[in-house]
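This report concerns only the one structure given below.
The values are calculated or read from the model by the stated rules, or taken from the named source; none is laboratory data. Predicted model, so just to flag it, every value in this text is computed and none were measured. Using ideal geometry, Cβ is built from the backbone for each residue, glycine included, and neighbour counts are taken over all protein chains shown.
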Amino acid sequence: MQEERRLQKAKISLMRNEKFALFAGVLMVGRTFVKDDVPTACTNGRDELYGREFVKKLRDNELAFVVLHEAMHKAYRHLTTWKKLHDENHMLANAACDYVINLELRDLDPEGKFISMPVFREGENRGKVMGLIDEKYRGLNSKQVFDLLKEEYGNDGGDVGDGFDEHDWDGAQNLSEEEKEKLARDIDQAMRQGLMAQQKIAGQGTGGMSRDLAELMQPKIDWREVLREFVKTTCRARDASSWRRVNRRFLSGDTYMPSLIGERVGHLVVAVDTSGSVGVNELKDFLSEVKGIAEEVNPEKVDLLYWDSSIAGHEEYTDTNVSNIITSTKPRGGGGTSPSCITKYLEEKHIEPECCIVLTDGYVGDDWGGNWPSPVLWVIVGGNDVMAAKGKTVHVKD
């Protein structure tokens, strides 16, 4: 078990060092294995594998470098973010990701006291570094490096060179959707915990965090696009058209088109947190989007719930009156905050929607509603960067 102990020691030392504390949380994500049949090191974006003989040959600072290298793959979510690059050319994709990581790691410790790239100790490459590193790729992301490598080495990429680790792209894709969602939340939370740990040790600032990592923690995603895509993909598709009900989306242009129908149309539940942090402007913008989406997907019904520690109001809308949702709604509430009251109410009233959308400030502690009857999207307002423990999360940014 000597190699297992060395890996554990390396991770503990890195987490205690102010230069690398940013990755303390990521180092704890997933499981770590030492295998006799693994040639070097490998990750699927969650778990890490290390070859026993490979670990034996590494010095302590080299092993620390490899451990952080795998952690960086996880932090960047390389094996999911750049899957399309892998499908185009797996050798170039592997190299592109490694070039980005290795430059950033060397910058964290230029003198190599704590982390240092592994070197060959025998053979014709003796004394040379095992990994891929080149100053010409400084400041570029993996896609930009990939494009340059493609220009230089062509589509086959056969001469691009090898890194010191392997990338388990297939293993990353074999994770279930639930596992992928949980991993994304775990990585996001781990990076935020690492940032707080680093600030506690070394003072304020982002330390060794690269620009790309900082942007990952502050995503510039249009919440409206996420909201629309969520509803479209979770509501059942229509499979036939009918003139019995005119498609109201085209009436403004004096165009009459049939509505799309199916055996069952969508049923949405929209739950608005009225505990005090959701302002009038946020609510108006949010309901405007809900109105537009409802008119677009033509749901059978929209149940609008206002909640704090209990359901304070319940309004029902159909395709005929959803256009009045902004002017007719009457928000209620103002007490505590408990999302569990939503799922409890849905169960008591036998409401079975095709999807649920929750607007909240996200200050709910560990209460994320328990068991939801359908896919749930959390729309977080007020600057809270929390990630919901259940369902999908999108943050409303100014």
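Look at the stretch 375-398: where a residue is farther than 19 Å from Thr234 by Cα and a partner is in a strand (DSSP E or B) and acidic (Asp, Glu), sitting 6+ places away or on another chain with Cβ atoms under 9 Å, you get Val381/Asp273. Would you pick out the residues in the stretch 103-116 that are under 27 Å from Ala172 (Cα atoms), out of contact with any Phe, Trp or Tyr (no Cβ under 8 Å at 6 or more places or on another chain) and touching a residue at least 40 places away in the same chain (Cβ under 8 Å)? Within the stretch 103-116, just Glu104 meets the criteria. Screening Ala271 against (1) at pLDDT 55 or above; (2) under 27 Å from the mean Cα position of the chain (by Cα); (3) not in a strand (DSSP E or B) leaves a single unmet condition, (3).
Provide a single number: the residues in the stretch 50-94 that are more than 28 Å from Asn17 (Cα to Cα) and of a type outside the set (Lys, Arg). Let's see the steps before the verdict.
In the first step, residues of the stretch 50-94 are kept if they are more than 28 Å from Asn17 (Cα to Cα); the result is 80-94.
This time we only want the ones that are of a type outside the set (Lys, Arg), so: 80-82, 85-94.
Within the stretch 50-94, residues that are more than 28 Å from Asn17 (Cα to Cα) and of a type outside the set (Lys, Arg) number 13.
Filter the stretch 317-369 for residues that are in contact with a helix residue (DSSP H, G or I) (Cβ under 8 Å, 6 or more places away or on another chain) and either assigned to a helix (DSSP H, G or I) or among the basic types (Lys, Arg) (or both) and give the result.
Val322, Ser323, Ile325, Ile326
Among the candidates Ser328, Ser288, Ser310, the residue that is touching a Cys at 6+ places or on another chain (Cβ under 8 Å) and free of Cβ contacts under 8 Å to residues at least 60 places away in the same chain is uniquely Ser310. Asp107 satisfies every condition listed in (1) at pLDDT 95 or above; (2) out of contact with any Leu (no Cβ under 7 Å at 6 or more places or on another chain) except (1). Residue count for the stretch 293-330, restricted to those that are farther than 15 Å from Cys235 by Cα and of a type in the set (A, V, I, L, M): 7. For Met91, the conditions (1) more than 27 Å from Arg126 (Cα to Cα); (2) out of contact with any strand residue (DSSP E or B) (no Cβ under 9 Å at 6 or more places or on another chain); (3) not in a loop (DSSP other than H, G, I, E, B) are fulfilled apart from (1).
Return a yes/no flag: does the stretch 155-168 have any residue that is within 30 Å of Lys390 (Cα to Cα), crowded, with 16+ Cβ neighbours inside 10 Å, of a type outside the set (S, T, N, Q) and modelled with pLDDT of 90 or more.
At the first step, the residues of the stretch 155-168 found to be within 30 Å of Lys390 (Cα to Cα) are 167-168.
Next, from what is left, pick out any that are crowded, with 16+ Cβ neighbours inside 10 Å: 167-168.
Next, from what is left, pick out any that are of a type outside the set (S, T, N, Q): 167-168.
Applying the additional criterion that residues be modelled with pLDDT of 90 or more yields 167-168.
Yes.
Residue under question is Leu105, and the condition is that it be in contact with a strand residue (DSSP E or B) (Cβ under 8 Å, 6 or more places away or on another chain) and assigned by TED's automatic domain parsing to the domain that holds Gln193; does it hold? Judged against the criteria, Leu105 is not a match. Of all the criteria given as (1) surrounded by fewer than 16 Cβ atoms within 10 Å (Cβ to Cβ); (2) touching a residue at least 60 places away in the same chain (Cβ under 8 Å), the one not satisfied by Ile357 is (1).
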